[in-house]
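Accompanying notes for the structure given below.
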Amino acid sequence: MNKAILLFAIFISTFGFSQNTSKDTIATNQQQNAVNTILSSKNSKGITIGGYGQVDYNQPEGKNGKLDVHRFIIFLGYKFSDRVQFVTEIEFEHVKELFVEQAFLSYSVSNNFNIRGGLMLVPMGIVNEYHEPTTFNGVERPNVDKSIVPSTWSEIGIGVSGRFNEASLRYQAYIFNGFASVNNGKVLGGLNGLRNGRQKGAESIINTPNFSAKIDYYGISGLRLGLAGYFGRTQAEDDVQDIDGADVGITMVGLDARYVHKRFSARGQFIQAILTDTEAYNILYETDLGSELKGWYAEAAYNLLPLSKEQKLDVFLRYEQYDTHAATQDANIARNLAYNRNEWTLGLSYHVADGAVVKADYQFFDNALENNKTKGQINLGFGVWF
Amino acid sequence: MVLNSKIFFDMNFKFGLILFVSLITLSFGLHKDLNKKIDKEIRTTYNVETYSYNVITISQEVVKELTAKFDNNNLLKIHTKDELLGYAYIGKAPSKTDEFDYLILFDKDLIIMKSKILIYREDYGGEIGSKRWLKQFIGKTLTDELVYGDNIAAISGATISVKSMTLAINKLLQSIKILHNKNII
């Protein structure tokens, strides 16, 4: 399988370079004119520095609160030429954990065809790709984007992306490394679904490549629609890979929509993952991974300030429903109704400037267990993106 | 109108020829065909097969008053042998981490006829290249004020570039208005 990836890489890079050669040959024969002169002036800025971060205060009802520098990310980019660019995001989580969230090299073959390889975000749902705190409402990311889509979900891979301006379409297609069946002793399970399996490119093991693709359509004013698919298997260690239950198959599909019209905005997504061979996996690793994960949310927001203001004050309401035990029969485990969760989030996002937001919200957590008491939580925090 | 002294225009002076711009450059890749792109937009927007253009030069004093950037190379007067077709402006505006190049075509009454993103250099925000989205600028006049999210629709996932383009066109409209009032165009 490794061979397949290598071949794919060679194939696309050859294609890329052949295109480049033709361009250069022709460019030298081009006549310069006024327009050409200004536009060919070197525009690449070399190094780009940016970042984003959020500091949160979570206060659950009847418990002690938590104050956390949840994440702080340094963005570093370097443009070697107009075609070749390196992008990396270095993340500090909870002050003390260090991750490289993204690190990839991208090569632009043309306006609508780019090749990129390295540690990249898996395009699924809204928040995994657009996770900067100024881009979503609520102090915390939606839980569908935590328990069903295990954000931040990034793995090493190679793929293509591009846009078609005529059709208002963006496409992405990648071959990624998958989740680990067992990740530093942690197994996949009912509470968090696939979350424990994220290898994040840290000495990650691979025996089966996974395929991921997403199409975004933004041709209707104010509306953006996304359709994503992820297909593959988890990765098993050499010594167990032939044993029954060493890995599970994953088919995940996601639909998302975002809409903005003047002061009103709304978004929603639906994610479903079907897992196969979970019965053998659960036996082998004594865990309770369901055979289906499913979740959705819908959110509406209204900006209380006039559009002419630079500041924005969004009041929003979100309902989420997600179940990491959406199906358990094929996994041959008992269904835990506590994993069938729903929550309401009502809050404010006060964008004090472009790129800086102060947030406050109240959340009600509930699940499908009989006699379960709804729990409340207050969240306060700020987020920045620059 | 003062002509620029680029090779093309020297020829214009010396031989008094009407310069038919036919920028035939086969090309691949990013900046491919920048000329070809501009040429194609001009021909399809004004619905002409051939046309001429002159670079409009603006004195430094006047340039200082303008919020949009003019470097005596990026504002063109487009005409045929016997009629004025309009004006073309080629500008740059910031995206999240880079800059993009855009083209605005005005008719002879200085109403926007076409807007196009010529080169977009990063992944984030490339949605503003959408033909559908860019249509919003068509018909805008020098007295129009563009407001992000109001008369210019937002695009989720491309906020920075959408705001940047909106601001750039606002500055351009204001600057063109000043140039028009000064009878420069």
(request) For A:LEU105 and A:ALA173, calculate 0.36 nm times their separation in residues minus their Cα-Cα distance, and state this gained length in nm to one decimal. (result) 22.9 nm
(message) Just to confirm my numbers, what's the Cα centroid distance between the range B:53-81 and the range A:278-344 in Å?
(response) 56
(message) Counting only protein heavy atoms, probe 1.4 Å: which residues of the range B:100-138 lose 20 Å² or more of accessible surface in the full assembly compared with their chain by itself?
(response) B:ARG121, B:ASP123, B:TYR124, B:GLY126, B:GLU127, B:GLY129, B:SER130, B:LYS131, B:ARG132
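Grab the beta carbon distance between A:PHE211 and B:ASN181, set R0 = 41 Å, and tell me the FRET efficiency rounded to 0.05.
Values: r = 59 Å, r/R0 = 1.44.
My answer for the efficiency is 0.10.
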(request) Please state the charge dipole magnitude for chain A, taken about the Cα centre, from unit charges on C-beta atoms (+1 on K and R, -1 on D and E), reported in debye and rounded to the nearest 20. (result) 1500
(message) Helix-only estimate, please: 222 nm mean residue ellipticity of chain A, summing -39500 (n - 2.57) across DSSP H runs of length 4 or more and dividing by its residues, to the nearest 500.
(response) -3500 deg cm²/dmol
(request) Just the number, please: carbon plus sulfur as a percent of the accessible area of chain A, 1.4 Å probe, no ligands or DNA/RNA counted. (result) 60
(message) So if each residue of separation counts as 0.36 nm, and I subtract the Cα-Cα distance between A:PHE164 and A:TYR78, what length gain in nm does that give?
(response) 28.4 nm
(message) Give me the one-decimal nm value for the distance between modelled label points at A:LYS186 and A:HIS261, 7 Å along each residue's Cα-to-Cβ direction.
(response) 4.2
(message) Before I look further, what does the protein assembly as shown give for accessible area per residue, probe 1.4 Å, in whole square angstrom?
(response) 44
(request) Check cross-link reach from A:LYS63 to the lysines: straight Cα distance under 26 Å, and skip same-chain residues fewer than eight apart. (result) A:LYS96, A:LYS146, A:LYS359, A:LYS373, A:LYS375
(message) Summing both sides, how much accessible area is buried between A and B? Use a 1.4 Å probe and give Å² to the nearest 100.
(response) 4400
(request) Could you please report the charge total around A:LEU98, scoring K, R as +1 and D, E as -1 over all other residues with beta-carbon less than 14 angstrom from its beta-carbon? (result) -2
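The values are calculated or read from the model by the stated rules, or taken from the named source; none is laboratory data. The structure presented is a predicted model; accordingly, all values stated were derived computationally and were not measured. For neighbour counting, all protein chains shown are included, and Cβ atoms are generated from backbone atoms with ideal geometry for every residue, glycine included. All accessible areas refer to the heavy atoms of the entire protein, side chains included, with ligands and DNA or RNA removed. Shrake-Rupley method; radii C 1.70, N 1.55, O 1.52, S 1.80 Å.
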